[in-house]
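*Asks:* Sharing a structure below in structure tokens format, with a few things to ask.
A short reminder: the numbers here are calculations on the coordinates, not readings from a lab. On a predicted model such as this, the values are computed, not experimentally measured, just so you know. Glycine also receives a Cβ, built like all others from the backbone with ideal geometry; neighbour counts cover every protein chain displayed.
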Amino acid sequence: MVKSNAITTILGLDPGLASLGFGAISVDPNSRPATVTLVDFGIIQTPPRTEMGSRLETIYNDLHGLIDEIKPDLVAIEQLFFYKMGNTIPVAQARGVILLVVAQHHIPWVEFTPAQIKQAVAGYGNAQKPEVQAAVARELALDRIPRPDDAADALATALTAWMQIG
């Protein structure tokens, strides 16, 4: 992403198969300090007992629609991190669909590790989830922490992109 004088929209994504978190922010670099505002956040959900191909198709179609609606200038993706190896392959497949959709829209993308996101948003890489969520709410001047957690994580990812490259 190249710094410019235009308002920039960043779409953050927290990859998942059952729940793909998204959070979009808009940044106006012409204001001093730069103004960051919330555009939208939520999740793309797939039913748990549905065939894998149908779940991936839901992510594909819904993410296309979301990108068409938000029209981001940059997509920021949280790198995959797993506690259980059994989740790795399905979430990696969902991540592949995410990268395909972003490529089809010709949008540049960046990715950050969970520690990089925690460091950027909360000030240290070992911050706990509630600390990161509170920092997201504070940075975006929200009355409450965004829910569900996947959406808050996606907003943290979008904010990291702005803080790191914006």
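*Asks:* Taking the criterion of being buried (at least 18 other Cβ atoms within 10 Å of the Cβ), among the small types (Gly, Ala, Ser) and more than 15 Å from PHE22 (Cα to Cα), would at least one residue in segment 122-131 satisfy it?
*Replies:* Yes, because at least one residue in segment 122-131 is buried (at least 18 other Cβ atoms within 10 Å of the Cβ), among the small types (Gly, Ala, Ser) and more than 15 Å from PHE22 (Cα to Cα).
*Asks:* Right, something else. Evaluate the following for ILE117: is it surrounded by 15 or more Cβ atoms within 10 Å (Cβ to Cβ), aliphatic (A, V, I, L, M), outside any helix (DSSP H, G or I) and out of contact with any Pro (no Cβ under 6 Å at 6 or more places or on another chain)?
*Replies:* No; evaluated as a whole, the condition is false for this residue.
*Asks:* Within segment 12-22, is there a residue that is over 22 Å from GLU111 (Cβ atoms) and either assigned to a loop (DSSP other than H, G, I, E, B) or without any contact (Cβ under 8 Å) to a residue 12 or more places away in the chain (or both)?
*Replies:* no
*Asks:* Can you name the residue in segment 92-114 that is without any contact (Cβ under 8 Å) to a residue 24 or more places away in the chain and outside any loop (DSSP other than H, G, I, E, B) and, of all such residues, is surrounded by the most Cβ atoms within 10 Å (Cβ to Cβ)?
*Replies:* Residue satisfying both the conditions and the ranking: LEU99.
*Asks:* State whether the residues of segment 48-56 include one that is surrounded by fewer than 12 Cβ atoms within 10 Å (Cβ to Cβ), in contact (Cβ under 8 Å) with a residue 12 or more places away in the chain and more than 22 Å from GLN164 (Cβ to Cβ).
*Replies:* yes
*Asks:* Next question. Identify, from the list ALA122, ALA76, ALA34, the residue that is among the small types (Gly, Ala, Ser), under 18 Å from ALA158 (Cα atoms) and without any contact (Cβ under 8 Å) to a residue 60 or more places away in the chain.
*Replies:* ALA122
*Asks:* Which of the residues that make up segment 20-67 are closer than 26 Å to ALA141 by Cα and of a type in the set (D, E, K, R)?
*Replies:* Selection gives ASP28, ARG32, ASP40.
*Asks:* Picking from ASP143, ASP149, which residue would you name as being farther than 16 Å from SER26 by Cβ and either touching a residue at least 40 places away in the same chain (Cβ under 8 Å) or touching a Pro at 6+ places or on another chain (Cβ under 6 Å) (or both)?
*Replies:* One residue alone meets the criteria, ASP149.
*Asks:* Suppose we filter segment 140-164 for residues that are more than 15 Å from ILE10 (Cα to Cα) and crowded, with 19+ Cβ neighbours inside 10 Å; how many remain?
*Replies:* 2
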